[in-house]
Structure formats: C-alpha cells, structure tokens
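Worksheet for the structure shown next.
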Amino acid sequence: WGQYKSFSSFLQRCAMLLPNSESEYRRLKRDFPAAGDYRVVPNAVDLDLFPIKETGGDRDHNTVLCAARFEPRKNQLNVIRALNNTNFKVTFVGAPAPNHQQYYQQCKKEAADNIRFIDFTTQDQLATLYQAHKVHILASWFETTGLSSLEAAACGCNIVITECGDTRDYFGAEAFYCLPGNLKSIAEAVTQAASLPYQQTLLHRIQQQFSWQQTAEQTLLAYKRVLNQ
C-alpha cells in the first residue's frame, strides 16, 4: 500500500486518536484527512521526581542548562555557537544518540571555555541541576512538547524553547521562544529569560494541566467515550 495509504487506513479505523496537543492533531488532520475523533492526552512531568521550587531569585542569572541527548534535531550546535564566549555559563547534559557520535564531537570541538558537558546523570542529579540554573534551553528544530523543559520549569527555571512544533500549546506566553536556525534569536531569548523573574504562571499551568494525574484522567475519559459509543 505504501506509507501514506497505510497510515490513512490505520487512522480511519481508529475509534479514538490521542494526540499530545491540539496543534499535533491539526497537523495530523492536515496531512491525513481521514483522521477521525480524538481527545488530547498531554505529555506530563512527574512532580515527585522533579519537585517544585518556585523561587529562583538566589540563582546565578548567567547559568544556562540544556538537558537533551545529542543529535542534530536537538540543535545543540547552534546553541553553542550562539552562546560561545559570552558571560553565560552553559551546561549540556546528555549522551550522544546512536549514530550521532560525530555530531557530539563537533559540539565539543566548537565549544568555548564557558561551556561544559555532562554525559550522564541520574534523575535526582538532573533535578538538582535544574534547581541550580536560571535558564533551560531547548532550541530544537522540532518539538512536540520538550519534556525536559517541563521538568526544568517545575524545578524553577525560565524556559527558552523552539518556535517549531507544538510548544506553544504547552508553554503559552510563559516561555521565551527562539528560531533554531537564527543564532541572534537564540542569544536574545536566553538573555531575556536570564534577566526576568521566574514565570510563576508556568508552574501553575504545569500543576493544573501537565501532571501524570491529568494525563491518566484524560486517557480514561477517552476510553469511556469509545466504550459508550
């Protein structure tokens, strides 16, 4: 059948689709008009593993963290190029994705002295890193959510995130957006995020909409609707 016809057939036969956002469903519907009924089931953050820390005033405003595996889609190389030799102290946490060791080495080769790399960390250590930094950045070429950004926001970081994907459905006006291919845009978004107080309204949004409890409830409602049809 080919990929497109196969996907269309699967989507047409589904009783209910569970996209992660309204934006994701609109994109799916645009590409596959056969897509039918749906209910948004959001991605979420574990607020026990990544405990809420509302105050970030005691943090060094020049600290920037990026938690993501190294691969071209995550765009760490442009973040490095945008923040090299600035006053920002930048930490990258993550190992290279399979088949992207060369990209990882290129990132390390181009990084200036204000940039450091941590290959692996436990979830507890990652939560501590989130709580120690002022800004978290994920300047990817595409993100449906940006789970590490949700985790970082719960731990008190201001969030810089890509314009590309479904990120506005999650972060609304409480994040600082950048264009992944524009170094000036990345640098300006980080500078703005570092200079402003923690976005408390984003924490409230996460508590109300993006906990795993909410994800479970929305999934249950979707199943009930299917069973009642």
* Asked: What per residue convex hull volume, in Å³, comes out for segment 13-166 when only alpha-carbon positions are used?
  -> 133
* Structure fact -> Contact order relative to length for segment 85-165, counting C-alpha pairs under 8 Å separated by 6 or more residues, stands in percent at 27
* Structure fact -> Whole-percent carbon and sulfur contribution to the accessible surface of the chain (1.4 Å, no ligands, DNA or RNA) stands at 52
* With the cut-off at 14 Å, report for segment 29-114 the share of all Cα pairs above it, as a whole percent. => 74
* For C178, enumerate residues with amide H under 5 Å from its amide H, sequence gap 5+ or separate chain, H modeled in the peptide plane. => I161, T162, E163
* Structure fact -> Over segment 114-216, the quotient of the Cα radius of gyration and 2.2 N^0.38 Å is 1.04
* To do: Roll a 1.4 Å probe over the protein chains and send me the accessible area per residue for the chain in Å².
  => 50
* Structure fact -> Rounded to the nearest 10 Å², the accessible area of Y38 using a 1.4 Å probe with every protein chain kept is 60
* Asked: Between segment 1-76 and segment 145-162, what is the C-alpha centre distance in whole Å?
  -> 14
* To do: Run a plain Debye calculation on segment 1-46 (Cα atoms as equal point scatterers, no solvent) and give log10 I(q)/I(0) at q = 0.15, 0.17, 0.26 Å⁻¹, rounded to two decimals, same order as the q list.
  => -0.39, -0.49, -0.93
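Go ahead and run the numbers for FRET between D113 and R81, Cβ-Cβ distance against an R0 of 22 Å, rounding to 0.05.
Values: r = 15 Å, r/R0 = 0.67.
Using R0 = 22 Å, I get an efficiency of 0.90.
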* Structure fact -> Residues meeting the amide H criterion for T63 (H placed from the backbone, H to H distance under 5 Å, 5 or more places apart or on another chain) are K89, K134, V135
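The values are calculated or read from the model by the stated rules, or taken from the named source; none is laboratory data. What you see is a predicted model; the values in this text were computed from it and never measured. Reconstructed Cβ throughout: ideal geometry from the backbone, glycine too, with neighbour counts over all protein chains shown. The area values use the complete protein model at the heavy-atom level, side chains included, leaving out ligands, DNA and RNA. Shrake-Rupley method; radii C 1.70, N 1.55, O 1.52, S 1.80 Å.
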